[in-house]
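Student: Pasting a structure below so you can have a look.
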Amino acid sequence: MKTQYYTATSLDGFLATEEDSLDWLFPLGDINSSSYPEFISEVGALAMGSSTYEWMVRNADQVAKETGSPWPYNKPAWVFSSRNLPMIDGADIHFSSGDVRQAHEAMKVAAKDKNIWIVGGGDLAGQFYDAGLLDELIVQVGSATLAKGKPLFPRRVLSPTLCLISVQQMGVGMAELRYEVNKSSEHERVVN
């Protein structure tokens, strides 16, 4: 069982625009020709921040058009927020706030022997990293730049903490980088 941050980023390191738009991402590739189908088959539970969840709620029609459902996951999901957020009908969602370690224990039980996916955003993935719970980063880098936006991973992580384990080209618009988090590293984690 691994806790994985699987995401896409612009070439200059942003997940979304300042307005939380992902529109820049969709023209760059087809999800079915990516590693996503294999990846999601190994996922047993998900975690996402409030901005990611609210994007899903705001774009439910687009999500349904792309995936066949306004909530495309058939796995339990934890949404981390200090605010009250609307529920999506038919979704197995647990709202959580505070330290990610407590929710991570419940997520491990729900995932059984499968992986936990940190869907986004970058700060939530950083909280799992800070707690020593993040095992792997799988980052699809798109051939687009945003200049500003929501950062991929707002943490200072110095080598050799992240070990590059594979690189794969995905068409002409994306490349996938896989990093393993070396938890035995002597380097101190520094939060910006």
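Student: Report the gain in length on full extension from residue 85 to residue 31: 0.36 nm times residue separation, minus Cα-Cα distance, nm rounded to one decimal.
Tutor: Once the chain is fully extended between residue 85 and residue 31, it gains 16.7 nm.
Student: Longest segment of the chain with no GluC sites (Glu not before Pro) in a DSSP loop having at most 16 other Cβ atoms within 10 Å? All intermediate terms of the calculation are to be shown ahead of the outcome.
Tutor: Details: sites that count: 18, 19, 42, 186, 188.
My reading of the result: 43-185 is the longest stretch.
Student: Could you state, as a whole-number percent, how many of the C-alpha pairs of the chain are farther apart than 28 Å?
Tutor: When every Cα pair of the chain is considered, 21 percent fall beyond 28 Å.
Student: Per the Debye formula with a single identical scatterer at each Cα and no solvent contribution, what log10 I(q)/I(0) holds for the stretch 72-147 at q = 0.26 Å⁻¹?
Tutor: Debye curve over Cα of the stretch 72-147, log10 I(q)/I(0) at q = 0.26 Å⁻¹: -1.41.
Student: Something else about it: Please identify every one of the trypsin sites (Lys or Arg not before Pro) in the stretch 57-117 that sits in a loop by DSSP and has no more than 13 other beta carbons within 10 Å of its own beta carbon. Don't skip to the answer; put the middle values down first.
Tutor: Numbers: sites: 58, 65, 83, 101, 108, 112, 114; in loops: 83, 112, 114.
Qualifying residues, ordered by number: 83, 112.
Student: Which value, in Å², gives the accessible area per residue of the stretch 64-192 when a 1.4 Å probe is used on the protein heavy atoms?
Tutor: Working: 7160 Å² over 129 residues.
I get 56 Å² per residue for the stretch 64-192.
Student: Right, something else. If contacts are Cα pairs under 8 angstrom and at least 6 residues apart, what is the relative contact order of the stretch 52-192 in percent?
Tutor: Values: 172 pairs, mean separation 24.3, N = 141.
Taking the mean separation of contacting Cα pairs over the length of the stretch 52-192, I get 17 percent.
Student: Please give the length that would be gained between residue 114 and residue 172 if that part of the chain were fully extended, namely 0.36 nm times their separation in residues minus their C-alpha to C-alpha distance (nm, one decimal).
Tutor: Stretched fully, the residue 114-residue 172 segment lengthens by 17.7 nm.
Student: Rg over Rh of the stretch 1-61, using C-alpha atoms and the Kirkwood radius, what does it come to?
Tutor: Using Cα coordinates only, the ratio equals 0.95.
Student: Residue 112: which lysines have alpha carbons under 18 Å from its alpha carbon, excluding same-chain residues fewer than 8 sequence positions away?
Tutor: 2, 75
Student: Which percent of the accessible heavy-atom area of the stretch 1-90 goes to carbon and sulfur, probe 1.4 angstrom?
Tutor: 49
Student: Would you work out the charge dipole size for the chain about its Cα centre, treating the Cβ of every Lys and Arg as +1 and the Cβ of every Asp and Glu as -1, and quote it to the nearest 20 debye?
Tutor: 280
The values are calculated or read from the model by the stated rules, or taken from the named source; none is laboratory data. Keep in mind it's a predicted model, so treat the numbers as computed, not measured. Heads up, the Cβs are rebuilt from the backbone with ideal geometry, glycines too, and the neighbour counts pull from every protein chain shown. Surface areas here come from the heavy atoms of the whole protein model, side chains and all, with no ligands, DNA or RNA. Shrake-Rupley method; radii C 1.70, N 1.55, O 1.52, S 1.80 Å.
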